[in-house]
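Working notes for the structure below.
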Amino acid sequence: MRLLGKAVLTISALGLAASTSAQDVRNEGAGSRREALDLMIFQPAPTDDLLAASDWIGDKPTSASLNGKPVLVFTFAEWYRPSHTAAMLGKRLKDQHPDLVIIGIHDSEGWDEAKAFAEKRKLGFSVALDTDGAIRDSFMVDQDPDVFVIDRAGNLRFADITTDSVAAAVEVVASESSEEARNAEANQAEAMRSARAAQRRAGGINQSVSLDNLPKIPFTAPTAEQYAATDWPKIDRELLEEASSIEELTPPFAVPDGEWLNGKPDTDGKIVVAYIWHPISRTVMNDLMVKMEDMHKQQSRDVTVMGFMVPIGDDRQSRNRDGGLIRDEFRDLSISKSGMSFALGQRQITHSLLASQQGSPLPALGNQRSRRNNQDLNGRVIIVSSDGRVRRAVDDMRDWDLVLQAVDHLIRVDPGVKARRAAEARYIRGNGG
């Protein structure tokens with residue numbers, strides 16, 4: 001199974017048309033656990049411990065009630081807010097696929113709160129209490145939310161996939177008959193053979209051209225209509241209620257001029273991930289900035305990362321909000337290029353940084369958030385599409401998974417990214433051997 005997954009990734013990376021929407025489903029995880037999960041694909045789903053659970057919200061499913069049905073299984077915990085995304089996604093997918101069975105697996109803690117959450121959100125599907133962790137163990141869960149999809153033949157079809165891949169995975173299994181599900185493994189192998197043949201006919205891509213050394217290739221910018229028709233990440237309903245319009249909620253973002261450390265960033269045809277920071281926050285310096293640097297190094301082809309050092313609020317205290325003492329040399333640190341260099345010390349940061357003396361240059365998200373001072377916003381992250389529109393904002397670094405999900409989603413759907421990549425592909429082919 002692992003070789004199959006690698007081949008699918010290669011076909012998608014080359015931009016060749018896939019004969020099944022399963023190509024749009026992406027896995028999470030790596031190493032030995034991912035290998036073990038891959039071996040479970042197309043095998044009977046491990047539902048024994050799940051169906052044996054005694055405490056349920058909603059009706060308890062049975063083998064008979066699951067027979068011949070597509071099933072979406074996800075893990076979550078009411079007290080872990082990032083996992084709420086999977087629960088709300090399950091609710092939407094149930095509305096789109098009436099015969100889809102949704103089953104939530106809740107953590108052993110917070111069961112009463114989970115009941116209140118299900119009632120408040122009107123989830124409308126069954127949730128099992130994983131009392132001793134046996135259900136999670138059977139699915140090899142490592143972190144909520146993990147998502148699994150079972151086909152009409154009762155086989156595990158997708159295991160631990162990205163949140164933005166769930167809709168595609170459900171579409172695959174919901175559109176199949178039970179007979180097609182039983183033959184899915186053979187059909188997917190045939191699709192791979194066809195894709196390889198298409199790759200050979202296309203002549204391949206010149207491997208001597210490095211993506212890291214590509215010149216800037218001109219491309220035709222997408223139209224406003226193309227951006228408007230794109231399937232962007234859904235806006236949280238509660239945030240939408242804080243704003244008078246969608247334009248207020250997702251204001252445009254422009255890269256400001258100034259004295260940039262590591263150079264002014266290029267954003268043409270790319271996703272922008274921007275954040276604000278000040279060295280009073282050890283968490284931002286030691287966690288968020290490191291994660292941003294990793295993203296910059298790993299995804300610089302499609303993502304531009306930039307950070308803005310801002311003054312702290314006038315109401316600063318002797319202790320910062322991380323609970324650590326503010327170092328004396330950071331109390332009145334100059335918001336300047338030299339101040340940034342001093343704060344960074346020996347840190348090897350290569351993404352672009354700018355000192356913003358007037359405060360945060362990032363658009364506020366909703367009226368309530370616009371009133372918060374710079375210290376409150378220290379660590380805020382926004383994700384911007386290539387048309388300069390804010391598509392997601394995250395204020396809590398514990399929600400880093402939401403940042404990754406939004407970035408992955410935008411890279412897949414952004415018209416500007418697609419147009420730039422298409423131009424680069426033409427250049428590579430034109431300069432091939």
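Key figures for this structure:
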{"read-out": "Qualifying positions in the stretch 115-136 - of a type in the set (A, V, I, L, M) and closer than 17 Å to SER83 by Cβ", "value": "ALA116, ALA118, LEU123, VAL127, ALA128, LEU129, ILE135"}
{"read-out": "Residues satisfying the stated conditions in the stretch 379-423, i.e. in a loop (DSSP other than H, G, I, E, B), touching a helix residue (DSSP H, G or I) at 6+ places or on another chain (Cβ under 6 Å) and over 22 Å from ALA224 (Cα atoms)", "value": "GLY379"}
{"read-out": "Test: ALA36 is touching a Leu at 6+ places or on another chain (Cβ under 9 Å) and hydrophobic (A, V, I, L, M, F, W, C)", "value": "no"}
{"read-out": "Matching entry among ASP146, ASP142, ASP160 (being at positive phi, under 27 Å from the mean Cα position of the chain (by Cα), assigned by TED's automatic domain parsing to the domain that holds THR85 and at pLDDT below 95)", "value": "ASP160"}
{"read-out": "Residue tally, condition modelled with pLDDT under 90 and either in contact with a Cys (Cβ under 8 Å, 6 or more places away or on another chain) or of a type in the set (Gly, Ala, Ser) (or both), over the stretch 383-433", "value": "6"}
{"read-out": "Residue match in the stretch 177-186 (condition: loosely packed, with under 13 Cβ neighbours inside 10 Å and modelled with pLDDT under 85)", "value": "no"}
{"read-out": "Counted residues, the stretch 110-122 - those being in contact (Cβ under 8 Å) with a residue 40 or more places away in the chain and in contact with a helix residue (DSSP H, G or I) (Cβ under 9 Å, 6 or more places away or on another chain)", "value": "1"}
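The values are calculated or read from the model by the stated rules, or taken from the named source; none is laboratory data. Please read these numbers as outputs of a predicted model, since none were measured by experiment. Here the Cβ is made from the backbone with ideal geometry for all residues, glycine too, and neighbour counts use every protein chain on show.
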